[in-house]
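Beneath this line is the structure, given in structure tokens, with notes to follow.
The values are calculated or read from the model by the stated rules, or taken from the named source; none is laboratory data. Keep in mind it's a predicted model, so treat the numbers as computed, not measured. Cβ sites come from the backbone with ideal geometry, for glycine too, and all protein chains shown count toward neighbours. The protein model used for the area step is the full one, side chains on, heavy atoms only, and it has no ligands, DNA or RNA in it. Shrake-Rupley method; radii C 1.70, N 1.55, O 1.52, S 1.80 Å.
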Amino acid sequence: MLVTYSIIIPIKDEEHNILSLIDEIEPVMQGLNKPWELICIDDGSKDKSFEILRGLLDKKPFLKLISFTKNFGQSSAFDAGFKKAKGDFIITLDGDLQNDPRDIPLLLANASSYDMVCGWRHTRRDRLSKRMTSKISNFIRSRLCQDHMHDTGCSLKIFKKESLNRIKLFHGMHRFLPALFKMEGYKILEVKVNHRPRVGGKSKYHFFNRSIGPILDMLAVYWMRKKKLKYQVKEESK
């Protein structure tokens, strides 16, 4: 069966959120009246996340499951999901319920005209320290990587599959997909979306994986942008 939309969600210790998340996603996607699939990638969860997802496979025909042998990180989880996805449009979400599935149609309204549509968490529902760290990181990233985006940390994004296939991911690079898309000359758009406070489970982010690691990854993207070949052909014989 042809698939129009593929939703990709990395899962790491989200046993308290999985059922609610799928219950929210299902009516939104059914309302679009197009074939769709949901691909969840269990990224080495140590709680009951995998057992819950596996138990849903017979009940939810749209659900597909990938389970890693251990925690490999979000970039690896997204990459595995991208490769398994069959949809013309790829939709990514976090598994912590902070992204609102009801915003998916809002982004899809622009998806045909752009290669990538990014959610912008205009009003953040995180603690102050996390908001300030993100604000500083976004300021530096926008200037170094020249992606001109307000918020690349929002996992709610929509991609054209044909464009996404040309992007090669490396560890940590999921944060810089807008910059990678722009390097390929693709059109991207940012749309304001709802952001909700975390109500279950614990955040996977701390000072080191929100600052030091991303800074090194940012410098790598900066280097890639500077070294990208930019020649133009004036004339070419047959």
Order of exposure, largest accessible area first, which applies to Glu190, Glu235, Glu184, Glu51 with probe 1.4 Å: Glu235, Glu51, Glu184, Glu190
Karplus ³J(HN,Hα) for segment 44-49 (6.51 cos²θ - 1.76 cosθ + 1.60, θ = phi - 60°; Hz, whole; x = Gly/Pro) runs x, 4, 9, 9, 9, 4
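For segment 8-78, state which trypsin sites (Lys or Arg not before Pro) are in a DSSP loop and have at most 11 other beta carbons lying within 10 Å of their beta carbon. Present the calculation step by step, with values, prior to reporting the outcome.
Details: sites: Lys12, Lys46, Lys48, Arg54, Lys59, Lys64, Lys70; in loops: Lys12, Lys46, Lys48, Lys59, Lys70.
Passing sites in segment 8-78 are Lys46, Lys59, Lys70.
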In nm, to one decimal, how far is the Ser113 label point from the Lys34 one, both placed 7 Å along Cα→Cβ? 1.6 nm
Please tell me which of these pairs span more than 19 angstrom C-alpha to C-alpha: Lys12/Lys64; Lys70/Lys157; Lys84/Lys168? Lys70/Lys157
What FRET efficiency comes out for Leu65 versus Arg166 if R0 is 35 angstrom and r is the Cβ-Cβ distance? Round to the nearest 0.05. 0.85
Whose amide H sits under 5 Å from the amide H of His122, counting only residues 5 or more places off or on another chain, with H placed in the peptide plane? Val193
Amide H contacts under 5 Å for Glu190, placed H, 5+ residues apart: Cys118
Suppose each label sits 7 Å from its Cα in the direction of the beta carbon; what would the His150-Lys192 distance come out to in nanometres? 0.6 nm
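Would you kindly state how much longer the chain becomes between Glu26 and Lys86 on full extension, computed as 0.36 nm times their sequence separation minus their alpha carbon distance, in nm to one decimal?
Residue separation times 0.36 nm, minus the Cα-Cα distance, leaves 19.8 nm.
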Karplus ³J(HN,Hα) for segment 31-40 (6.51 cos²θ - 1.76 cosθ + 1.60, θ = phi - 60°; Hz, whole; x = Gly/Pro) runs x, 7, 6, 10, x, 8, 9, 10, 10, 9
Amide H to amide H, which residues 5 or more places from Ile11 or on other chains are under 5 Å from it, using H placed in the peptide plane? Ile41, Asp42, Asp43
Taking θ as phi - 60°, what are the ³J(HN,Hα) couplings along segment 165-174 by the Karplus curve (6.51, -1.76, 1.60), each to the nearest whole Hz, with x for Gly and Pro? 4, 8, 9, 9, 8, 10, 4, x, 7, 4
Solvent-accessible surface (1.4 angstrom probe) belonging to Thr69, in square angstrom, nearest 10: 130 Å²
What is the magnitude of the charge dipole of segment 1-70 about its Cα centre, with +1 placed on the Cβ of each Lys and Arg, -1 on the Cβ of each Asp and Glu, and no other charges, expressed in debye to the nearest 20? 220 debye
Please calculate the 1.4 Å probe accessible area of Val199, with all protein chains present, and give it to the nearest 10 Å². 120 Å²
For segment 24-131, what is the accessible area per residue in Å² when the probe is 1.4 Å? 48 Å²
